[in-house]
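Asks: I'd like to ask you about the structure that follows.
Nothing in this text is a laboratory measurement; each read-out follows from the coordinates by a stated rule. Quantities reported herein were computed from a predicted structural model and do not represent experimental measurements. Heads up, the Cβs are rebuilt from the backbone with ideal geometry, glycines too, and the neighbour counts pull from every protein chain shown.
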Amino acid sequence: MKIFLAFFVAMGSIVTLVDADCFHVARTPEWPYRGCMVNGKLYPFGRIERTEDCYRCTCSEDGLRCCSLFHTPVAYDKKNCKVVFNKESCDYDVVQKDDPSKACFIYARVG
């Protein structure tokens, strides 16, 4: 029974850690665009695989719904490592403070 409890606690933690950061912007009747505006760039109706800010979005007559493509590191060696956003990979790199060419181990991410 204890094994089942431990399994469900672990699975619940994993599900919580992989939840994407999402937002929704409702369209208003006075919205002048034939599409959706994201940070000054107009996107057509439909699916947007990747915005310049690393979000995957869906633009519709109802509005814009976006979810992040990246996950923020929360558990790593904060004393010796730092977090750097990599816009090409749309993810955070955790590197050594003294030598940014060397990666650090990441224990957990949220996003």
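Asks: List the equivalent ellipsoid semi-axes of region 19-68 in whole Å, largest first, each obtained as the square root of 5λ for an eigenvalue λ of the Cα gyration tensor.
Replies: In descending order the semi-axes read 18, 12, 9 Å.
Asks: Once amide H atoms are placed 1.01 Å from N in the peptide plane, what residues at a sequence separation of 5 or more from residue 21, or on another chain, have their amide H within under 5 Å of its amide H?
Replies: 68
Asks: Can you give me the distance in nm between label points at residue 93 and residue 23, each placed 7 Å from the Cα along the Cα-to-Cβ direction?
Replies: Inter-label distance under the simple model: 2.6 nm.
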